[in-house]
1. Specify whether the C-alpha gyration tensor of the range 6-79 places it in the rounded, prolate or oblate class, a ≥ b ≥ c being the square roots of the eigenvalues: rounded for a/c under 1.5, otherwise prolate if a/b is larger than b/c and oblate if not.
2. Order these by the 10 Å Cβ neighbour count, fewest first: His56, His43.
3. Using label points projected 7 Å from each Cα along Cα→Cβ, tell me how many nm separate Thr45 and Ala23, to one decimal.
Amino acid sequence: MQKVSEETIHMRLTAFGLNYPSAMIGPAQVLVLLDDWIEDLGHLTEAQFVAACTEHRRNNKFFPCVKDILDAHAAVVDREPKLRLLALSGSTELTDEQVKRNRQGCRKILEIIARSSRHKRVPAA
């Protein structure tokens, strides 16, 4: 994943200046803010940064500071599904012993299911 670019941060700062004219943020102020935003938000990916900026713009009536964007990023992350699949490190191949144990375990489960389902069967009329 690509980290957010200086160009994207500059573009979003400029857009915020237009979205919130009462903040009186012009090109000169954007350049002053740019270094801080790169330092404090540069760890975000391009997509994360854009999503956080969009989140802030949709939910606030004021020009954001770095903390506002970090809070918006946290809100976006909180809405993401909590379950994530993690890549397994190393080999994912099963040894012969593991295959044998898995088969034995499956057989035991199937036997338990077969026994419990026999007791619950209703005779056909």
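1. Oblate, because a/c is 1.5 or more while a/b does not exceed b/c.
2. His43, His56
3. 2.5
Quick note: the coordinates plus some simple rules give every number you see, no bench work behind them. Bear in mind that the values here come from a model prediction, so they are computed numbers and not experimental data. Positions of Cβ are backbone-derived with ideal geometry, glycine not excepted, and every protein chain shown enters the neighbour counts.
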